[in-house]
1. Which of (1) touching a residue at least 60 places away in the same chain (Cβ under 8 Å); (2) closer than 30 Å to L45 by Cβ is the odd one out, the single condition K119 does not satisfy?
2. Name every residue in the range 139-161 that is in contact (Cβ under 8 Å) with a residue 60 or more places away in the chain and closer than 27 Å to K119 by Cα, in order of residue number.
3. If only one of G81, G67 is free of Cβ contacts under 8 Å to residues at least 40 places away in the same chain, of a type outside the set (A, V, I, L, M, F, W, C) and closer than 17 Å to T25 by Cβ, which one is it?
4. Considering only the range 159-186, state which residues are more than 28 Å from T298 (Cα to Cα), of a type in the set (S, T, N, Q) and either in contact with a helix residue (DSSP H, G or I) (Cβ under 6 Å, 6 or more places away or on another chain) or part of a helix (DSSP H, G or I) (or both).
5. Out of the range 265-308, which residues are within 30 Å of A245 (Cβ to Cβ) and among the basic types (K, R)?
6. Kindly indicate whether any position in the range 240-248 is without any contact (Cβ under 8 Å) to a residue 12 or more places away in the chain, among the hydrophobic types (A, V, I, L, M, F, W, C), closer than 17 Å to P210 by Cβ and open to solvent by 40 Å² or more (accessible area, probe 1.4 Å).
7. Taking the condition surrounded by 11 or more Cβ atoms within 10 Å (Cβ to Cβ), in contact (Cβ under 8 Å) with a residue 40 or more places away in the chain and of a type in the set (S, T, N, Q), does N14 pass?
8. Scan the range 4-33 for residues that are β-branched (V, I, T) and over 20 Å from the mean Cα position of the chain (by Cα) and jot them down.
Amino acid sequence: YSWGTRRNYYGGQNGVDSFVGMQITSDFQEKDIVFGGDKKLDKMLDEINALFPLSRGISIMSECPIGLIGDDIEAVAKKKGKECGKTIVPVRCEGFRGVSQSLGHHIANDMVRDWVLDKGEVTHETGPYDVAIIGDYNIGGDAWSSRILLEEIGLRVVAQWSGDGTLTEMLKTPKVKLNLLHCYRSMNYISRHMEEKYGIPWMEYNFFGPSKIAESLRAIAAHFDDTIKENAEKVIAKYQPMVDAVVAKYKPRLDQKTVMLYVGGLRPRHTVGAYEDLGMEVVGAGYEFAHGDDYQRTAHYVKDGTLIYDDVSGFELEKFAEKLQPDLVGSGIKEKYIFQKMGIPFRQMHSWDYSGPYHGYDGFAIFARDMDMAINSPVWKMTKAPWKK
């Protein structure tokens, strides 16, 4: 489901030298629950290596039946890794584990730590401006937009985790000078590990909207020398005319409009600045699998009086919308058609509603157009929100 809707773009030729869009299942049957599926897994790994000889590694994702019967996927991964000479990573996150997806993120980080980092040889000449983008899944090309800006200020992006990332890039990461963390919730764990083990500092950055882009570029540049700092100012100045044109076009159409957000990851706080750059106000924000530290970070973005909610049900979200009466709701695919049928403009903020990218200066222009298109569509003249009837 997630691969089909999240649109995490990637380079290469699918099935030849790139495998982001491919998942292979082991044809798990009832008899495998009784007798165990590890023999089938062993055979499947042989078949994968024969079908896709250019693959550099394989990840094994155990789903719910495996959690029930307890197949030893780690033993299979170790055995087959030695046989084929490839990195094979076993990931136990049946049902994403825990009360929400969050523990699944933590487990996946730990598996990269234990089965990938320091486990392969890679030839790489390090440089003083090497950085890695961590926790960006390249939705609609977001990581590419971020990479453009980072390289424009003179940094060298040697790794992207993991929208358009590669195993080789992951192996290079322990030698970078700074880890740039985009989705804090999903990858702060591996960033903290690399800080403790390799001494690599990390920082959270935000490339949504011109205000936060400028703020983040300056904060990133502060980790480097005067050349990078000067380049950051030049890049901000270079894009200012474009920003002014976008704001001049869309702010009059969106000024004082209110928006209510309920998404996973980082979007309920990171997009606040982009909405405010267009004169809009975020009146409600919440997450599906956040921790306490996510809400502490959110408090720095939103205004006093903003409604904050955690892991709400569909019914609760509808009731909040009725009370707040927003001009726009930004949430996921499950909520999209409910709110549209209620007569409330909606943007799908997990995958940018099949648009994007939203990161960077170019992305801000697309973001502004999409919000305008959602709120000011003539279709809303044909239907009304419940509180307008």
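1. (1)
2. Going through the range 139-161, the residues in contact (Cβ under 8 Å) with a residue 60 or more places away in the chain turn out to be 139-146, 148-150, 152-155.
Once the filter is applied, which keeps residues that are in contact (Cβ under 8 Å) with a residue 60 or more places away in the chain and closer than 27 Å to K119 by Cα, the range 139-161 yields A143, L155.
3. Details: G81 fails: closer than 17 Å to T25 by Cβ.
Criteria check complete, one pass: G67.
4. Selection gives T168, T173.
5. Of everything in the range 265-308, those that are within 30 Å of A245 (Cβ to Cβ) and among the basic types (K, R) turn out to be R267, R269, K303.
6. Yes, there is a match, as at least one residue in the range 240-248 is without any contact (Cβ under 8 Å) to a residue 12 or more places away in the chain, among the hydrophobic types (A, V, I, L, M, F, W, C), closer than 17 Å to P210 by Cβ and open to solvent by 40 Å² or more (accessible area, probe 1.4 Å).
7. Numbers: surrounded by 11 or more Cβ atoms within 10 Å (Cβ to Cβ): yes; in contact (Cβ under 8 Å) with a residue 40 or more places away in the chain: no; of a type in the set (S, T, N, Q): yes.
Here the answer is no, as N14 does not meet what is asked.
8. From the range 4-33, those β-branched (V, I, T) are 5, 16, 20, 24-25, 33; that's our starting set.
Passing the criteria: V16, I24, T25, I33.
The values are calculated or read from the model by the stated rules, or taken from the named source; none is laboratory data. Just so it is clear, the model here is predicted, and its values are computed rather than measured. Cβ coordinates were reconstructed from backbone atoms using ideal geometry, including for glycine residues, and neighbour counts include every protein chain displayed. Just so you know, the surface numbers come from the protein's heavy atoms only, side chains and all, with ligands and any DNA or RNA stripped out. Shrake-Rupley method; radii C 1.70, N 1.55, O 1.52, S 1.80 Å.
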